[in-house]
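Asker: The structure's right below; bear with me while I get my questions together.
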Amino acid sequence: MCKTITWNQATASVFESKYEGSDGIERNTPFNNGYVLNVLGGKEWTLGKSKQNAFVLNGRVTTSGGRWYTPIDLEASKAINFEVLDEANAFGEQNEEYFRLDVKFGVKLNSTKRKLSHQFYLDLQNVTNRENIFALRYNRLTNSVNRVNQVGFFPDFLYRIQF
């Protein structure tokens, strides 16, 4: 029989973020995505004769409304071959919603003779490979607006020694 330790946490925020410019017009800020939801969970199973080792499984889900941005004035950008923003429409367009699911599992090996611990983890970030938008950029070579995404699926290996 092994002992288990479970932890869970959920946070949610619902909000509105606006500002009034010097022109007297109320506009969105880039952070007016309306909501953010985080759900975390983990479980740790103790292993070994003296129950000093553990297998660990963690997960995290994050979602939020899309960030607001100032669109690029494509015609003005083409004319000067440099990105020009449509300032009259400051933070007037919104990206799609953000979503990310991460899963991490690993093993903790604790010494019975010394204060020493070896930890091995495999952290699978963005396991759904969701293409969350980072920014829109003007491309001077193609005279078009390109989407720049955040990192997709990213496996990360961690080894930690504590003494």
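Asker: Just reorder Tyr98, Tyr159 by solvent-accessible area, largest first, 1.4 Å probe, all chains present.
Answerer: Details: Tyr98 50, Tyr159 105 Å².
Output order, biggest surface exposure first: Tyr159, Tyr98.
Asker: At a probe size of 1.4 Å, how large is the accessible area of Asp156, to the nearest 10 Å²?
Answerer: Accessible surface of Asp156 is approximately 60 Å².
Asker: I'd like the Karplus ³J(HN,Hα) series for segment 97-109: coefficients 6.51, -1.76, 1.60, θ = phi - 60°, whole numbers in Hz, and an x wherever there's a Gly or Pro.
Answerer: With the stated coefficients, segment 97-109 comes to 4, 9, 8, 8, 10, 10, 9, 10, 9, x, 9, 10, 10 Hz.
Asker: Still on this structure, I have one more. Determine the gain in length on full extension of the stretch Val145-Ala76; use 0.36 nm per residue of separation and subtract their C-alpha separation, reporting nm with one decimal. List each step's numbers first, then the result.
Answerer: Values: separation 69, 0.36 × 69 = 24.84 nm, distance 1.23 nm.
Stretched fully, the Val145-Ala76 segment lengthens by 23.6 nm.
Asker: Same structure, new question: With the full set of protein chains in place, find how many percent of the accessible area of the chain is carbon and sulfur; take the probe as 1.4 Å.
Answerer: Working: 6070 of 10850 Å².
Percent of accessible area from carbon and sulfur atoms in the chain: 56.
Asker: Would you list Arg60, Arg140 from the most to the least accessible area, probe 1.4 Å? Walk me through the numbers before you get to the answer.
Answerer: Working: Arg60 95, Arg140 135 Å².
From most exposed to least exposed: Arg140, Arg60.
Asker: Continuing with the same structure: When the Kirkwood hydrodynamic radius is evaluated over all pairs of different C-alpha atoms of the chain, what value in angstrom, to one decimal, is obtained? Could the numbers behind the result be given before it?
Answerer: Details: mean 1/r = 0.0511 Å⁻¹.
Value: 19.6 Å, from the Cα pair sum.
Asker: With a bin width of 10 angstrom, please list the P(r) values of segment 71-163 as percents of all Cα-Cα pairs, from the 0 bin to the one holding the largest distance.
Answerer: Per 10 Å bin, starting at zero, the Cα-Cα P(r) for segment 71-163 comes out as 14, 26, 20, 17, 12, 8, 3, 0 percent.
Asker: Now for a different question. Could you count how many Lys pairs in segment 45-163 have their Cα atoms under 18 Å apart, skipping same-chain pairs fewer than 8 positions apart? Spell out each step's value before the answer.
Answerer: Values: Lys49/Lys108; Lys49/Lys113; Lys49/Lys115; Lys51/Lys108; Lys51/Lys113; Lys51/Lys115.
Count of close lysine pairs: 6.
Asker: Which value in nm describes the separation of the simple spin-label points at Asp123 and Ser50, placed 7 Å from the Cα toward the beta carbon?
Answerer: 3.0 nm
Asker: Amide H of Val84 versus every other amide H placed in the peptide plane: which residues, excluding those fewer than 5 positions away on the same chain, fall under 5 Å?
Answerer: Counting only residues 5 or more places away or on other chains, the set is Asp73, Ser77.
Asker: If I model a spin label at Glu97 and Leu85 as a point 7 Å from the Cα along the Cα→Cβ vector, what separation in nanometres do I get?
Answerer: With each label point 7 Å from Cα toward Cβ, the separation is 2.7 nm.
The values are calculated or read from the model by the stated rules, or taken from the named source; none is laboratory data. Fair warning: this is a prediction, and the values are worked out from it, not measured in the lab. Because the Cβ atoms are built from the backbone with ideal geometry, glycine has one as well, and the counts that use them run over all protein chains shown. Ligands, DNA and RNA are stripped out before the accessible areas are found, and what is left, the full protein with its side chains, is counted by its heavy atoms. Shrake-Rupley method; radii C 1.70, N 1.55, O 1.52, S 1.80 Å.
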